[in-house]
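Here the structure is laid out as structure tokens; the discussion comes afterwards.
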Amino acid sequence: VVKKLYLIGMGPGDPKYLTLEAVNLMKKLKLFFIPGKKGKKFELTRIRKDILSFVKGNDDYQVVEVLFPERRKSLNYEETVQEWRNQKAKILKEELQRHEEDEAGFLIWGDPSIYDGHIAIIKEVVKETGLEFEVIPGISAFQVLSAHHKEPFTDIGESLLFTTPRFIRKNKKIDLNTVVFLDNYESYNLLIDEDLEMFWGAYLGLKEEVLISGKLSEVRKKVTEIRRKLRKEKGWIMEVYFLKKVKR
Ligand SMILES: C[S@@+](CC[C@H](N)C(=O)[O-])C[C@H]1O[C@@H](n2cnc3c(N)ncnc32)[C@H](O)[C@@H]1O
């Protein structure tokens, strides 16, 4: 039975973004969990496996693909997310009991702190089982976004908002520098503010990386065209962008 689980931030997809702490830990562990993905998204599983084999080489280790159910689509978003997390906690609990190793790692895309439910899920498991866990920070996609655009999120004394398309759809304007994750809805098209600059990135840190930047009103058409094309070609897209007021 696994008694201790490490949630390991693995960076946005390339082994070069692993921290030394993550590498040292992964070298030590023999059992790893990764979320299983089907269809075209299987590439996301392959990326995780490649990261493991980069660190482990020919070592003896086991990778378990945990198949979580899809989230039920419903109007009550928070309720369905909670229900989804409970299902995942149950699956993970059973999975942890199935193995002989005392310790295992769970690879988390980017950093576990942001738009990732695994810390919350593990806390549910901890309540029921007394499992011990540790979180190992990783490089998040938003850090690579800033680095590759060579653009800081905060100029002197400014604040930063992390959000998702729901917030944009609801407010249709932003007052702070804002990083938007998970925007499958092209919500930036709803923003009327003409004085925004957009820094958009897809597949950050991977060989397919695409960057676009400029005044929102001038680049949004191009972003929309390119994201649709890439998404169709590859079957999945990972994109994140940053909006900032144009300085006069
Ligand atoms: C479930 S969230 C996880 C974020 C992750 N915890 C992190 O720190 O990057 C997945 C979203 O992160 C962003 N993302 C993750 N990896 C990315 C990458 N390599 N390039 C662009 N966006 C990425 C996208 O907005 C994607 O929809």
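The values are calculated or read from the model by the stated rules, or taken from the named source; none is laboratory data. Remember, it's a predicted structure, so these values are computed and weren't measured experimentally. Note that each Cβ is placed from the backbone with ideal geometry, even for glycine, and that neighbours are counted across all protein chains shown.
Tabulated results
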{"item": "Candidate set: segment 1-29, residues that are within 25 Å of Gln97 (Cβ to Cβ) and surrounded by fewer than 17 Cβ atoms within 10 Å (Cβ to Cβ); chosen: the one modelled with the lowest pLDDT", "result": "Val1"}
{"item": "Only listed residue being closer than 29 Å to His118 by Cα and at pLDDT below 95, chosen from Ile136, Ile168, Ile192, Ile156", "result": "Ile168"}
{"item": "Matching option when the condition is within 23 Å of Gly235 (Cβ to Cβ), surrounded by fewer than 13 Cβ atoms within 10 Å (Cβ to Cβ) and of a type in the set (A, V, I, L, M), among Leu52, Leu44, Leu67", "result": "Leu67"}
{"item": "Strands (runs of 3 or more DSSP E) contained entirely in segment 1-66, each with at least 2 residues that are in contact (Cβ under 8 Å) with a residue 60 or more places away in the chain", "result": "4-9, 31-35"}
{"item": "Subset of segment 126-170 (residues that are among the polar types (S, T, N, Q), part of a loop (DSSP other than H, G, I, E, B) and within 15 Å of the ligand (Cβ to nearest atom))", "result": "Ser140, Thr164"}
{"item": "In segment 97-114, the residues that are within 16 Å of the ligand (Cβ to nearest atom) and among the aliphatic types (A, V, I, L, M)", "result": "Leu107, Ile108, Ile114"}
{"item": "Residues satisfying the stated conditions in segment 71-96, i.e. away from the ligand (no atom under 16 Å from the Cβ), touching a residue at least 12 places away in the same chain (Cβ under 8 Å), over 20 Å from Lys30 (Cα atoms) and assigned to a helix (DSSP H, G or I)", "result": "Asn86, Gln87, Ala89, Ile91"}
{"item": "Subset of segment 180-200 that is more than 16 Å from the ligand (Cβ to nearest atom) and outside any loop (DSSP other than H, G, I, E, B) - its residue that is farthest from Leu145 (Cα to Cα)", "result": "Leu190"}
{"item": "Number of the exception - Gly117 against (1) of a type in the set (Gly, Ala, Ser); (2) within 12 Å of the ligand (Cβ to nearest atom); (3) at pLDDT 95 or above", "result": "(3)"}
{"item": "Subset of segment 202-216 that is assigned to a loop (DSSP other than H, G, I, E, B) and not basic (Lys, Arg) - its residue that is farthest from the ligand (Cβ to nearest atom)", "result": "Glu208"}
{"item": "So Arg227, is it buried (at least 19 other Cβ atoms within 10 Å of the Cβ), away from the ligand (no atom under 12 Å from the Cβ), among the charged types (D, E, K, R) and in a helix (DSSP H, G or I)", "result": "no"}
{"item": "Sole residue being exposed (fewer than 15 other Cβ atoms within 10 Å of the Cβ) and among the aliphatic types (A, V, I, L, M), chosen from Leu161, Leu92, Leu131, Leu107", "result": "Leu161"}
